[in-house]
Every structure is written in structure tokens, then in C-alpha cells.
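The values are calculated or read from the model by the stated rules, or taken from the named source; none is laboratory data. Since the model is a prediction, treat every value here as computed from it, not as a measurement. No Cβ is skipped: glycine too gets one built from the backbone with ideal geometry, and neighbour counts run over all protein chains shown.
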Amino acid sequence: MAIEDLLKKFKEYSAEDTTKLEYAYEFSKEAHLNQKRASGEVYFSHCQAVTDILLDYKMDLETVAAGLLHDVLEDTTVPCETFRKEFGEEIYNLVAGVTKIETLRFSSRDEAQAENWRKMILATAKDIRVIVIKLADRLHNMRTLNFLTNEKQLEISHETLSLYAPLAQRLGIFRLKSELEDLSFKYLYPDEYDSLSAKVSLIFTRREKLLEEFKANLEKNLGSANIPHRILSRAKNLYSIYRKMLKQDLPFEEIQDALGIRIITDNIINCYALLGTVHSVFKPVAGSFTDYIAVPKMNLYQSLHTSVMVSSGEIVEIQIRTEEMHRTSEYGIAAHWRYKLGESGADRHLDEKLNWLCQWMEWLQDLSSPREFIESFKTDLELDQIFIFTPKGDVKCLPAGATPIDFAYVIHSDIGDTCIGAKINNKMARLDDELKSGDRCEIITRRNSMPKRDWLSVVKTAGARSRIRKYLREHPQND
Ligand code: MN
């Protein structure tokens, strides 16, 4: 993407002065000079592509500039101080945040571990825009994954599916989430992907005729009503279909909502008017109507849903919504970013961001325990929580001030009971030393060793405390 195209795309939605963007473009191009990607392309093409994705999501100037510069701190010789001086604190913090996440390496296949990693990424990012940049970066890397070895492809796809797609979902950026999922799906389960994608494109072709018929019929009946609208054919993303098939143990043919029709109009009244027309032209399926406009889903999703029978006897799912509702469902948190914070950037205070973020999180539906997530997110940002690596590279979440004893009990109560020492980052440490986020901690145990009463005044976690108390109660002779 040439600088002219980039500026044009940015100016379509923003009136901000673009001098900084132009400078970021030249700076990054210069810094990455002579670097190549695995595809053989010049490295800067990756920065351009990531920026293009951020422009798709209409991100603010700082985020777009940080997109251009996102690999400068990690992959070039430009010193942090120079960067900070050239681009200021805000852009520097965004790029430093992305770089920090870059250094986290996720390998575990354990879902509980993935949850800790997602939390750690959120906590590390501090600013939600860092996550959006990271997601754009990952999306472009997934789009160009074919240039890497198969081993790398599997590793990165696994990480994408277990970490980044769920993060995108949490932020309500469904379009990005779907593409990340389907790209990972393709590499992780190539046979299933091929067979499913063949089946979907088959019914897509068959349904094109049906869509034409539907459109013609609807237009005829709308007559002179003069309701602005556009009709889209919609396919559920492949990985969602696959997951639904597995979960409900259904063959593809029985997945009802794999394909459907979406009607987008200008305002809410017209949504209901269109619904009336649809129901008067096609026979609605009893019990299929849901009004998510009057009662939005928790992630703010709004639409009217209904299913109707067309002349061939086939059942078609229909969603009716306004342009604004459409944006929210596709872009999620990114769609609201600019509008919530205002164009000026004058009110970008952390508190406000957090408040808004927490509200947003509260609305999200797909969390197993939203309350806990919000709480942990808040405390993470206040740095009340630290993340400690096991020697194998797993991550454990602990309260700030936690000691190797707490860590030992988090791994296993027997390890806690028998610990006699610890190594922090390969150096011998005391059991009551304070752990810091990012430390790698190894616990040294001795068989038949026992918890000590004075540990009670050292530990920070309730789990360790109650376990030590219990042990002392059951073994009073040792106390
Ligand atoms: Mn990158």
C-alpha cells in the first residue's frame, strides 16, 4: 500500500493531521530496509499490510502510525529513546506493548493455560489498542503462513486458535475472529477444512438462485414503499460450523444457520417494516422470530432474526438490522473506539478507557464467568496480579507480593508441603522472596519435608494459607 493510498483511506474517516503518519511511513520503511520476509518480499510490506487492516477498522491516528512502526522496536536497531523522541509517548507505548506481547511464547495445549495467557496478554497490553494492533499483525501473519514450514504453521495456528481468536471474540471483533479461526482451521485440520468448504460452496451456488428469487419477490412487494436497503448472502464461518457439528453431533446438512440472508437498512422503524414485508411475502417458520433489537444480546448485538419458507420449500434464516448494528457486529470494540472517545483525543484518560472497557466486558456474553474476568482485568491493570512461569513454560497467575511458597502450592499441594527452596530465573532464592511478573520459578522439594508455621506470615494466597493450616492441624506433633 503506497503512502497516497494509505492517506486516502485514513482521510475517508478522519480529519486529523497526517504529517505524523507520513513520517511514520518513511521511518519504518527506512528502518526495515534490507530485511526480507519468509515469502521473499521486503519486510516493510508486512507493516503496510498490518496498517491496511487497521484502516479497515477505522482506527485512530496513533494506532495506525503504531501499525506502521509495530516491528521497529523488536526487529531493527532503532533505540527506544530515539523512537520515543521521534514519535512521542503515546505511539511509543503502543509499539512497546505490541513488542512485549511478541516476546510471550505460548506452547501449552491445556485450555486452562490458554485462559491465563489471554489474561496475561490483556494485562501486558494495558491499552486495548495494543491488542487490536496485535490482532491485525497476527491476521496478516496467518494470511501469509504458507511460506513457513509445516511445523511452524501448526504451532502458530494453534496459538492463533487458542489465544488470539478468543481475544478477538471478547472484543466483539467478529470479522477478524472468523478469519483467524478459518485460517487456523485450514492448517490444523486440512481434510475437515477441505470437505466442509466444498460443501459450503456447493450450497452457496445452489442458494444463489434462491437469493435471486428472494430478492425479486421482496423488491416487488416493497413496491413504492421506498425503504433503503441492501441484501447480503451470509455464510457462517467454517470453523463455527465445524464446532457446531462436533458439539451437537450433527452432519453438515442439518446445520440450519450455515447460510442465510441479511437485510441492512437505515433505521429501526424500517427494520420492522422490512420484517413485515418479509413475513407477508414468505411464510414464517413458527417460533423462529427473535427480536434482538428490543432486547439486545449482552455483547450489544442487535438484529431481528426470523426464518421463512421459500417457494422451493427450503427454510432460510434472515437477519434484519441497521447499518450501525451491522458495524457493531462486525467490528466490535473497534467500531466503538472512535465514537466513545471522541475524535479530539482530549479525553483519553485511562480511567475512562477502563470504565468503558469494563462496561463492554460486562456486556460480553461468551464468557464463562464475566464477573471474574472483569475483576481480574481490573486488578491486572492495577498490577495486583503477577504472572510466573514454571520451568516448562506454563504460566501461573498469583497476587502481587506472592512468594515461591505460594507458587509451589499453586503447582501442587504436595510440592507446597515439601518445598525447601527455590530458583528464580536460575538463581538460588529464599522461600520468602517476592516474585515479580515474568519470573521463571523452579521449586526445590525434599521428600518428608514439612510446612513451617512461620510460612503463614509470608504467604499471600488463601489457597496456600489454608493448606498449611490444614497440615499443621493434622500433624500437631510436627509443629
Ligand atoms: Mn509484525
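Numbers at a glance
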{"read-out": "Residue satisfying condition, being assigned to a helix (DSSP H, G or I), in contact (Cβ under 8 Å) with a residue 60 or more places away in the chain and within 16 Å of the ligand (Cβ to nearest atom), within set ILE53, ILE101", "value": "ILE53"}
{"read-out": "Qualifying residue in region 178-198 (condition: within 16 Å of the ligand (Cβ to nearest atom) and at pLDDT below 95)", "value": "no"}
{"read-out": "Check on LYS58, more than 15 Å from the ligand (Cβ to nearest atom), among the basic types (Lys, Arg) and on the phi < 0 side of the Ramachandran plot", "value": "no"}
{"read-out": "Unmet requirement for ARG138, which otherwise passes all of (1) within 16 Å of the ligand (Cβ to nearest atom); (2) modelled with pLDDT under 95", "value": "(2)"}
{"read-out": "GLU86 more than 11 Å from the ligand (Cβ to nearest atom), without any contact (Cβ under 8 Å) to a residue 12 or more places away in the chain and out of contact with any Gly (no Cβ under 9 Å at 6 or more places or on another chain)", "value": "no"}
{"read-out": "Residue satisfying all of: in region 385-436; out of contact with any strand residue (DSSP E or B) (no Cβ under 8 Å at 6 or more places or on another chain), of a type in the set (Gly, Ala, Ser) and part of a loop (DSSP other than H, G, I, E, B); surrounded by the most Cβ atoms within 10 Å (Cβ to Cβ) among these", "value": "GLY401"}
{"read-out": "Residue list for region 61-71, filter: buried (at least 24 other Cβ atoms within 10 Å of the Cβ) and within 10 Å of the ligand (Cβ to nearest atom)", "value": "GLY67, HIS70"}
{"read-out": "Given (1) modelled with pLDDT of 95 or more; (2) under 30 Å from VAL295 (Cβ atoms); (3) of a type outside the set (Ser, Thr, Tyr), number of the condition GLU442 does not satisfy", "value": "(2)"}
{"read-out": "Enumerated helices (runs of 4 or more DSSP H) restricted to region 130-212, each holding at least 2 residues that are of a type outside the set (S, T, N, Q), touching a Leu at 6+ places or on another chain (Cβ under 7 Å) and under 21 Å from SER233 (Cα atoms)", "value": "174-188"}
{"read-out": "Subset of region 21-39 that is touching a residue at least 24 places away in the same chain (Cβ under 8 Å) and surrounded by fewer than 19 Cβ atoms within 10 Å (Cβ to Cβ) - its residue that is nearest to the ligand (Cβ to nearest atom)", "value": "ARG37"}
{"read-out": "Helices (runs of 4 or more DSSP H) within region 251-348 that include 3 or more residues in contact with a helix residue (DSSP H, G or I) (Cβ under 9 Å, 6 or more places away or on another chain) and modelled with pLDDT of 75 or more", "value": "268-281, 323-331"}
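Residues are listed down the side, and each one gets a yes or a no for (1) loosely packed, with under 11 Cβ neighbours inside 10 Å; (2) hydroxyl-bearing (Ser, Thr, Tyr):
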position: TYR189; (1), (2): no, yes
position: ASP194; (1), (2): no, no
position: LYS199; (1), (2): no, no
position: ILE203; (1), (2): no, no
position: LEU218; (1), (2): no, no
position: SER224; (1), (2): yes, yes
position: LEU238; (1), (2): no, no
position: TYR242; (1), (2): no, yes
position: LEU246; (1), (2): yes, no
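Conditions tested, residue by residue: (1) farther than 28 Å from ASP394 by Cβ; (2) modelled with pLDDT of 90 or more.
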residue: ASP60; (1), (2): yes, no
residue: ASP75; (1), (2): no, yes
residue: GLU81; (1), (2): yes, yes
residue: GLY97; (1), (2): no, no
residue: LYS100; (1), (2): no, no
residue: THR103; (1), (2): no, no
residue: PHE106; (1), (2): no, no
